[in-house]
Each structure stands twice: as C-alpha cells, then as structure tokens.
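The values are calculated or read from the model by the stated rules, or taken from the named source; none is laboratory data. All values reported here derive from a predicted model rather than from experimental measurement. Cβ placement follows ideal geometry from the backbone for every residue including glycine, while neighbour counts extend to all protein chains displayed.
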Amino acid sequence: MAQVTVVDHPLVQHKLTLMRDKACSTKQFRELLNEIGMLIGYEITRDLPLDSVDIETPIAPMKAPHLSGKKLVFAPILRAGMGFLDGMLSLVPSARVAHVGLYRDPKTLQSVEYYFKAPHDIEHRLVIVMDPMLATGNSVTAAVSRLKGHGAKRLRLMTLLSAPEGIKTFTESHPDVPVWTAAIESHLNDHGYIIPGLGDAGDRMFGTK
Ligand code: URA
C-alpha cells in the first residue's frame, strides 16, 4: 500500500482553516494555497538526494551539499493543481513543468483528458503531481497513469485535502506513488464533493462562482 503522509504542521493546519471558511476571499484563498504549497513542498522534498560540489567561500574552499540528479518535474492537474505551482517553483525555480488537463464529467465523475504536455526525458526525473483535492481519485489516478505511459518512473502526489474514497482508489491503482496531504476528510457527498472540504477548489481559486 502506498504511503500517505499527513502534513500536520501548525502553520499548514491554521492556513487550511482560513481557506475552508466560506468567507475567505478569492485573493486570500489563492495566497493561502500558494503558501501551503510551499510548506507541503518542503516536506515532500525532504529526502531529495544530495551530492557535494567544490566551492570557495570568501574565506576557504569547501565541499558543499548540492541537489544531485536531474531537475524535478512539477505536474499540476489543470486547473486546480495550478494553485500549488507558484509556491513549488519558489522552492525549486529550475524545475520543469508538465501540464495535465483533465476535467471531471459531472454525470459519471470520470476524468476526461483535454491537454497533455510533459518533458520528453521525464523518466530520469522525480515527478511531483499536484492536485489540491483528492476526491474520487479518478483524475489523479488517470493523470499518474498518463505520466507513467509517457515514461515517468518516480512519482509523488501532493494534495491539500483527501477523501478516504480517493485515497483507496488512488493507492490501489498506484501503490508505488506516495501521497502527501494536509488532511484526510470524512467522506464524499453524492456529487463527489469532499465533506467537510472547502467547496470547489478551482472556483474558489479563480473566482468563477
Ligand atoms: N474537487 C473540488 O474542487 N472539491 C471537491 O470537494 C471535490 C473535488
């Protein structure tokens, strides 16, 4: 079974409470998601491998730690996944970005792909897939399958809220992909929304409702 890590840092939990509140404005929601993205990103990158490089400080030469291997790929699932991207790029400015465009069919709740673009050498890179809401799990499951089909071998999933149903669907399909989330929620309602959740993350982020 894939590993699920709940990022229970007090700053993350506090910011999440502000975001859940229906009185939170579009501007605040976007800023908070960006900030939480950085904090979860800090945890998700905690074990990145380091090697050492020779540098000279103004005082002395030294061997200093340096990220090893190829640059990361951030793969936001459009559109809500974009909310994590700026925060993550502040942490790792040279990361590559793959875009996965999926929408959820409101009747079947199945995901439908409308856009896909990813670096050609993705098999050599750690891929961090981003979607704030792990609800049914259908979109992230499809996105990870698509990225694996494109060659991705090492992937991690970054979410904000996760429903138990989504964790089950996703981890059964992709037991090799560990998940980071800020909270595991109660359940999904009949429309596939997370309860208690925060509503539609894309609409709240972009002010489309
Ligand atoms: N997507 C959202 O934005 N919110 C939910 O609650 C479920 C899926």
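Take LEU91 and tell me if it is of a type in the set (A, V, I, L, M) and touching a strand residue (DSSP E or B) at 6+ places or on another chain (Cβ under 6 Å). The answer is no for LEU91. Would you confirm, using the coordinates I've provided, whether PRO61 is more than 16 Å from the ligand (Cβ to nearest atom), modelled with pLDDT of 95 or more and out of contact with any Phe, Trp or Tyr (no Cβ under 9 Å at 6 or more places or on another chain)? Yes, satisfied. Looking only at region 83-104, count every residue that is under 13 Å from THR159 (Cα atoms) and surrounded by fewer than 20 Cβ atoms within 10 Å (Cβ to Cβ) and tell me the total. Qualifying residue count, region 83-104: 1. Only residues that are surrounded by 14 or more Cβ atoms within 10 Å (Cβ to Cβ), part of a loop (DSSP other than H, G, I, E, B) and away from the ligand (no atom under 16 Å from the Cβ) were counted in region 105-144, giving 3. None of GLY166, GLY192 is touching a strand residue (DSSP E or B) at 6+ places or on another chain (Cβ under 9 Å), near the ligand (Cβ under 10 Å from one of its atoms) and assigned to a helix (DSSP H, G or I) except GLY166.
Selection within region 145-163: residues that are in a strand (DSSP E or B) and not hydrophobic (A, V, I, L, M, F, W, C). The member of this set that is nearest to the ligand (Cβ to nearest atom) is SER162.
Pick from region 169-189 the residues that are polar (S, T, N, Q) and under 26 Å from MET38 (Cβ atoms): which of them is nearest to the ligand (Cβ to nearest atom)?
The residue in question is THR181.
Note on region 145-198: among residues that are surrounded by 15 or more Cβ atoms within 10 Å (Cβ to Cβ) and of a type in the set (Ser, Thr, Tyr), the one that is nearest to GLY87 (Cα to Cα) is THR159.
Taking the criterion of being among the β-branched types (Val, Ile, Thr) and in contact with a strand residue (DSSP E or B) (Cβ under 6 Å, 6 or more places away or on another chain), the residues of region 31-75 that qualify are ILE40, ILE44, VAL53, ILE55, VAL73.
Contact map, region 184-206: residues that are acidic (Asp, Glu) paired with residues that are modelled with pLDDT of 95 or more and within 9 Å of the ligand (Cβ to nearest atom), Cβ distance under 8 Å, separation 6+ or inter-chain. Pairs shown: GLU185/LEU161; GLU185/ALA163; GLU185/ILE194; GLU185/ILE195; GLU185/GLY197; ASP200/TYR193.
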